[in-house]
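Right, one structure below, let's go through it.
Quick note: the coordinates plus some simple rules give every number you see, no bench work behind them. This structure is a prediction, so every number in the text was calculated from the model and none was measured. Quick reminder, even Gly has a Cβ in these numbers, built from the backbone with ideal geometry, and neighbours come from all protein chains shown.
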Amino acid sequence: MVLVTAFISLLVVSNIIAVKTITIGGLIVPAAVLCYSLTFVVTDTLSEIWGKKTTQFVINLGFAAAVLSAVFIKWAIEMKGSPFWENQGAFQTILGSNIRVVLASLIAYLVSQRHDVWAFHFWKSRTKGKHLWLRNNLSSMVSQLIDTSLFIVIAFYGTGVPVLQMIFGQYVVKLVIAVLDTPLVYGLVALIKPKLNTQNA
C-alpha cells in the first residue's frame, strides 16, 4: 500500500509540476524529472517482489489516477470563480495544459511503464533472477528513453520547439537518475522482501 501510494502520488504530482522547466547542468528539463523518474524505482521494486501482474495493475491504477486528476483540474478551471477570486489567469496558465500535452503524457506513461515491466522480467529471466542492478538499469534506461521521446514528439513536434535538443537534455538527466536510484531499489527490496511470504508472478 505504501509503494502504491508513493507511485500514484509521484505520478499525479509530476503531471502538475511538469509545466515548469528548470535547468540542470545547462540542460533544460521539466521540474517533474526527478519526481517522475522515481516512479520507475517503485515499479522495479514491485516487479522484483510481487511480479509482473501486480505491477501492471498498479500502472493501470496510476493511469486512472492521472486521468481523474486531469478531469478535476479541468473542471476547477472551467468553474466560475467567486466574486473576489482574482487569480483565474494564473490558475489557468499553470494548470491548464492543452489536450495535446495531456494526451502525450498519458500515452508516454502507458507505453514506457508497460515496457519497463516487460523489460525487467525479460532480463530477470535471462539472468536467472540474479543481478538486480542489471535489470533495474537496463529496463529503466530504455523505458525512460521511450517515455521522453514519445512525450516530447507528441506534445511539441511541429510547434517550433527544438525537439531533439529537449529529448537529449531530459534523457541525460533521467539516465543519471536511473543509475543513482539503483541503491534505492536494492534497499527497498532488502527491507520488504524478508518480511513477506510472496511468490513472484
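The packing ranking of peptides 142-152, 21-31, 109-119, 83-93, highest mean first, is 142-152, 109-119, 21-31, 83-93, where packing means the average number of other beta carbon atoms within 10 angstrom of each residue. Using a 10 angstrom cutoff on alpha carbons, build the Gaussian network for the chain and name the most mobile of SER139, SER125, SER37. Among SER139, SER125, SER37, the largest GNM mean-square fluctuation belongs to SER125. In a simple Cβ point-charge model (Lys, Arg +1; Asp, Glu -1; nothing else charged), segment 2-195 has a dipole of about 680 debye relative to its Cα centre. Structural descriptor for the chain: relative contact order 29 percent, calculated from alpha carbon pairs under 8 angstrom and at least 6 residues apart. When +1 charges are put on Lys and Arg Cβ atoms and -1 charges on Asp and Glu Cβ atoms, the dipole computed for segment 107-192 relative to its Cα centre reaches about 400 debye. Farthest towards the positive end of the charge dipole of segment 2-195, among the residues SER125, THR54, GLY158, is the Cα of SER125, using unit charges on the Cβ of Lys, Arg, Asp and Glu. Charge tally around TYR36: other residues with Cβ under 15 Å, Lys/Arg +1 each, Asp/Glu -1 each, net -2.
Were the residues from THR93 through LYS80 laid out at 0.36 nm apart, the gain over their Cα-Cα distance would be 3.1 nm.
Toward the positive end of the charge dipole of the chain, with +1 on the Cβ of Lys and Arg and -1 on the Cβ of Asp and Glu, the farthest Cα among VAL2, MET79, LEU196 is that of LEU196. Here's the picture: charge each Lys and Arg Cβ at +1 and each Asp and Glu Cβ at -1 in the chain, and of VAL101, LEU184, GLY89 the one pushed furthest to the positive end of that dipole is LEU184. Short-range pairs are left out: with C-alpha atoms under 8 Å and at least six residues apart, the relative contact order of segment 1-76 is 33 percent.
How would you rank 45-57, 160-172, highest first, on the average number of other Cβ atoms within 10 Å across their residues? Could the numbers behind the result be given before it?
On the way: 45-57: 19.5, 160-172: 15.8.
Those peptides, ordered most packed to least, come out 45-57, 160-172.
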